[in-house]
1. Given Ile94, Ile115, Ile169, which one is within 15 Å of the chain's Cα centre (by Cα) and in contact (Cβ under 8 Å) with a residue 24 or more places away in the chain?
2. Please enumerate the residues belonging to segment 106-124 that are assigned to a strand (DSSP E or B) and more than 16 Å from the ligand (Cβ to nearest atom).
3. Taking into account only those residues within segment 125-140 that are farther than 21 Å from Leu205 by Cα and within 12 Å of the ligand (Cβ to nearest atom), which is nearest to the chain's Cα centre (by Cα)?
4. Could you check segment 198-243 and list, in sequence order, the residues that are among the aliphatic types (A, V, I, L, M), farther than 13 Å from Gln127 by Cβ and surrounded by fewer than 18 Cβ atoms within 10 Å (Cβ to Cβ)?
5. Residue under question is Asp57, and the condition is that it be without any contact (Cβ under 8 Å) to a residue 40 or more places away in the chain, within 16 Å of the ligand (Cβ to nearest atom) and on the phi < 0 side of the Ramachandran plot; does it hold?
Amino acid sequence: MKKAVIIFSLFSHVATLFAQQWEPASTEWYSPMPPKVQPRVGVRPPSDAIVLFDGKDLLKWESSEPVERGQKPKPAPWKIVNGELYAVPGTGNIQTKEYFGDCQLHIEFKLPSPIDENYGNSGIFLQSRYEVQIIDGEYPTYVNGMIGSIYKQTAPLVNAYTKNGEWQICDIYWKAPKFDSNGLVEPAMITVVLNGIVIQNHYVLKGNTPYTGLPGYVPHGRMPLSLQEHGSEVGFRNIWIRHLTGFLEP
Ligand code: MG
């Protein structure tokens, strides 16, 4: 008993000493300073964004069609009409030339009106393999394949789609999966805001988003962002992205 009391008093003495060493300022740091970024009102990209499409050209994009080793990827085969980018049925997906990991993506999309026979199917593939589904918001499909779903993994929290023929404003916050030599260390996480409404809240992905079979992870590093051509002339505009890995603790 006496021994226990001595140990306890020693422990509390050490704890008190330890506590006395801490000042509020000792857990505060001043550098490096996060860069100042100039936000811009409305739909314009912030000053540090990589503008992927601003209505003029597709220089930041290429075809997703696989090429032989040593061959150059084909140019992005979609069309620009009045400053808007449209998927051309039968031409395949397009992807960015730049590769991304953790990122913030802003993208606006518009489905045909009247809707076509494919119900405006398209998709936003983070890192070329994790799909946020684009499809007519009123199409009564399986809910883990509806607008704003993480395809075949989870339905959106709510349906925030307005209507076909109207621009849909989408912001995505993406935490890339992390791998080491033994495989998955940390799964991917996504938050999606559609028309100002959170429809995916820090959802942890089970893996990729295949049409057939179960999701799974295969180790990869940074990958292109890709957009799906699925037989519908879905429009896109004002696409910009920010890397979220540039800032380090001291
Ligand atoms: Mg799709």
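1. Just a single option satisfies the conditions, and that option is Ile169.
2. Across segment 106-124, the qualifying residues are His106, Glu108.
3. If we take residues in segment 125-140 being farther than 21 Å from Leu205 by Cα and within 12 Å of the ligand (Cβ to nearest atom), then Asp136 is nearest to the chain's Cα centre (by Cα).
4. Passing the criteria: Val198, Val204, Leu214.
5. no
One line per residue, one yes/no per condition, for (1) at pLDDT below 95; (2) farther than 26 Å from Thr191 by Cα; (3) touching a helix residue (DSSP H, G or I) at 6+ places or on another chain (Cβ under 8 Å); (4) charged (D, E, K, R):
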site: Ser31; (1), (2), (3), (4): yes, yes, no, no
site: Pro45; (1), (2), (3), (4): yes, no, no, no
site: Arg69; (1), (2), (3), (4): yes, yes, no, yes
site: Lys72; (1), (2), (3), (4): yes, yes, no, yes
site: Val81; (1), (2), (3), (4): no, yes, no, no
site: Gly90; (1), (2), (3), (4): no, yes, no, no
site: Glu98; (1), (2), (3), (4): no, no, no, yes
site: Cys103; (1), (2), (3), (4): no, no, no, no
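The values are calculated or read from the model by the stated rules, or taken from the named source; none is laboratory data. Keep in mind that this is a model prediction, so the values were computed, not measured. Reconstructed Cβ throughout: ideal geometry from the backbone, glycine too, with neighbour counts over all protein chains shown.
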